[in-house]
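Input: a single structure, listed below in structure tokens.
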Amino acid sequence: MLILGREINTILFDKDGTIIDFPSIWIPWIDNIFDYLVDTVPECPLSRIELRTAFGAGGKGDFVDPKGPLAIASIEESKTIIAYKLYENGVPWDSAVVYASESVKFANEKEDSSTIKAIDGIKEFLEDVRASNIRLGVLTADDTDRAWEHLKEVKLADYFEFVIGSDQVSNGKPFPDMAYLARDRYSISLSETMLIGDTNADMQLGKNAGVNVTVGIVTYSDNNINHLKDADVIIKSYKKLTM
């Protein structure tokens, strides 16, 4: 099938910021981590703003830096950031690592599905491409099981043949490992694949894997497109992807 003038048989999506509204998941997540640390770490040395800033999130509102860790880092990388910030503020490393791991577990379990919402227009786009027998998969920095849960919560899971999270590969984005795993496990042709994502790490993953076309979508961060320098195409709405 031709999309944007390209022969495409498979579309690989990033999850957050591409399928699911990014701040609706990750701003509450980072705040829940902070709440856990305040309640658990004796005389917690971190402020909420300091923790948000470490992840590339604004001190106020829903701003997220699309080049920052909150937008790109894996769950394991996020634990390291939390542990380092605690260590930097005087918490012994061995304790910091435990607090970081437990805080992420707490935030994951406390997640409120009622706040999570899908990107405008994504369901209609998925309906169109599925009707054309295009295969659909997700490559995400999140853990696989949690990603499936998010897709179920916004009632989009049934559109996707597979989800590959960073917990299934040795190297996360921008390395091509997840795309190669999708190729090998599900017999997709990367030369006939479109990759859609909201960060340049997604675009680099696609380039490194040799996909046919990389599409950057801008759904937050004040509609700034400068971070998507390796995208073949940049859109601000799924209505812009013509078939």
Report summary line: Given the candidates L139, F34, I225, the one whose Cα lies deepest towards the positive end of the charge dipole of the chain, counting +1 at each Lys or Arg C-beta and -1 at each Asp or Glu C-beta, is I225
Requested in this report: From the P(r) of the range 136-222, can you give the percent of Cα pairs sitting at distances over 20 Å?
Outcome: 31
Report summary line: Taking only the alpha-carbon positions of the range 74-202 as identical scatterers, the Debye log10 I(q)/I(0) at q = 0.23 Å⁻¹ comes out as -1.43
**Report entry** Length released on extending from I49 to K110, taking residue separation times 0.36 nm less the Cα-Cα span
**Finding:** 19.9 nm
**Report entry** Cα-Cα P(r), the range 23-69, percent of pairs per 10 Å interval
**Finding:** 28, 55, 17, 1
Report summary line: accessible surface per residue for the chain, probe 1.4 Å, DNA/RNA/ligands not counted, whole Å² -> 45
**Report entry** Inter-site label distance for K236 and E161 at 7 Å from Cα along Cβ, in nm
**Finding:** 3.4
Query raised in the report: When the accessible area of the range 43-143 is split by element with a 1.4 Å probe, what percent falls to carbon and sulfur?
Result: 49
Report task. Give me the angle, in degrees from 0 to 90, between the Cα long axis of helix 200-209 and the longest principal axis of the Cα atoms of the chain, rounded to the nearest 10. Result -> 50
Query raised in the report: Which of S95, A107, I19 sits closest to the plus end of the dipole of the range 1-133, meaning its Cα is farthest towards the positive end, when Lys and Arg get +1 and Asp and Glu get -1 on the C-beta?
Result: I19
Requested in this report: Could you state the angle between the C-alpha long axis of helix 177-186 and the longest principal axis of the C-alpha atoms of the chain, as a value from 0 to 90 degrees rounded to the nearest 10?
Outcome: 50
Query - Hz values of 3J(HN,Hα) by residue in the range 111-121 - Karplus curve (6.51, -1.76, 1.60), Gly and Pro given as x - result: 3, 9, 5, 5, 8, 7, 9, 7, 5, 4, x
Query raised in the report: Just the C-alpha atoms of the chain: what Rg/Rh do they give, with Rh taken as the Kirkwood radius?
Result: 0.99
Query - Electrostatic dipole magnitude of the chain [Cβ: Lys, Arg +1; Asp, Glu -1; Cα centre; debye, to 20] - result: 680
Query raised in the report: What percentages, rounded to whole numbers, describe P(r) for the range 61-104 computed over all alpha carbon pairs with 10 Å bin width beginning at zero?
Result: 30, 44, 25, 1
**Report entry** Listed residues E161, E76, E192, most fluctuating in the chain (Gaussian network, C-alpha, under 10 Å)
**Finding:** E161
Query raised in the report: Over the range 93-158, what lengths in whole Å, largest first, do the semi-axes of the equivalent ellipsoid take, defined as the square roots of 5 times the eigenvalues of the alpha-carbon gyration tensor?
Result: 32, 14, 8
Query raised in the report: Roughly speaking, what is the centre-to-centre gap between the range 14-28 and the range 109-148 when only Cα atoms are used, to the nearest Å?
Result: 10
Query raised in the report: Expressed as an acute angle from 0 to 90° and rounded to the nearest 10, what is the orientation of the C-alpha long axis of helix 122-131 relative to the principal long axis of the chain?
Result: 40
Query raised in the report: For the range 4-148, what is the Kirkwood hydrodynamic radius in Å, using each pair of distinct C-alpha atoms?
Result: 16.6
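The values are calculated or read from the model by the stated rules, or taken from the named source; none is laboratory data. What you see is a predicted model; the values in this text were computed from it and never measured. Please note: Cβ atoms are built from the backbone with ideal geometry, for glycine as well, and neighbour counts cover all protein chains shown. The area values use the complete protein model at the heavy-atom level, side chains included, leaving out ligands, DNA and RNA. Shrake-Rupley method; radii C 1.70, N 1.55, O 1.52, S 1.80 Å.
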